[in-house]
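A short worksheet on the structure shown next.
The values are calculated or read from the model by the stated rules, or taken from the named source; none is laboratory data. In this text the structure is predicted, and so the values were computed from the model without any measurement. Backbone-built Cβ (ideal geometry, glycine too); neighbour counts: all protein chains shown.
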Amino acid sequence: MREVSVGGLKVRLTGGVDGQGGGDGPLVMLLHGFGAPGDDLVPLADVIDIPAKTRWLFPEAPLSLNMGFGDSRAWWIIDFARIQEDREAGRIRDLSIEVPQGLALARERFLAFLKELPKQLPIDYKKTVIGGFSQGAMLTCDAVLQTDYPFAGLVQLSGNLLAQAVWEPRMPKRKGLPVFQSHGTQDDVLPNIGAERLRDALTQAGLAVEWHSFRGGHEIPEAVLRRLGPFITKRFRG
């Protein structure tokens, strides 16, 4: 693995021809979730079965959090007080109508990163699968809808429908895009219903959603990883 700086973001690279993201093979780009360290998803490169010489790229969120344990990062700040209030009141969080205060800045930073990336690394977005977990999933979904980069596929691990008024009008232009989406039925961080709403909205707009529901919480279980490998492989061989 090696670390580089692209567009103001720290990036970890692995895989490829040298184990450090070398070569010009296809690329999998995954963004971590809120409160995780920048290297949180790097181990996935060793357990997901995909074609040899595939490169893995893991951007690190720019915001550093003081959460009392390790290096915690975020793409935008979450209102924890409101989350706690909803839990105590037994309310199901409906993020679909929300546009987080920090989303616009997070989008600006990430789109600048995507623009800069091909200038520093050999990247063909037609051979790039982009996605992430939780907050990272939502940011990549937002970015895919905000741009016209010809990504090979979108991966949504425990994400949710967000900023519906902004996202839904943009979804039809991505008609046919393959999407891998998974979510736990017992997720108490991002409710399953929010993931189902995202799935339905993308499907109705003509995107090809491969949906995987599992009995569990806010996580990426082994069963999901086993299914994610063939999804990515098909994108690169199709």
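For Val11, the conditions (1) over 15 Å from the mean Cα position of the chain (by Cα); (2) farther than 15 Å from Leu228 by Cα all hold with the exception of (1).
All told, Arg174 meets the bar of being in contact with a helix residue (DSSP H, G or I) (Cβ under 7 Å, 6 or more places away or on another chain) and surrounded by fewer than 22 Cβ atoms within 10 Å (Cβ to Cβ). Among the numbered conditions (1) farther than 21 Å from Leu41 by Cα; (2) out of contact with any strand residue (DSSP E or B) (no Cβ under 6 Å at 6 or more places or on another chain), the only one that Gln120 does not meet is (2). Of Leu190, Leu228, all but one fail to be surrounded by 14 or more Cβ atoms within 10 Å (Cβ to Cβ) and in contact with a Ser or Thr (Cβ under 7 Å, 6 or more places away or on another chain); the exception is Leu190. When both residues are 6+ apart or on different chains and their Cβ atoms are under 7 Å apart, which pairs have a first residue that lies in region 224-236 and is over 18 Å from Arg55 (Cβ atoms) and in contact (Cβ under 8 Å) with a residue 60 or more places away in the chain, and a second that is surrounded by 21 or more Cβ atoms within 10 Å (Cβ to Cβ) and of a type in the set (S, T, N, Q)? Pairs that qualify, where the first residue is over 18 Å from Arg55 (Cβ atoms) and in contact (Cβ under 8 Å) with a residue 60 or more places away in the chain and the partner is surrounded by 21 or more Cβ atoms within 10 Å (Cβ to Cβ) and of a type in the set (S, T, N, Q), are Val224/Ser182.
Reported count of residues in region 61-77, each being at pLDDT below 95 and among the hydrophobic types (A, V, I, L, M, F, W, C), is 4.
Residue-level check: of (1) surrounded by fewer than 16 Cβ atoms within 10 Å (Cβ to Cβ); (2) within 15 Å of Gly132 (Cα to Cα), Thr203 misses just (2).
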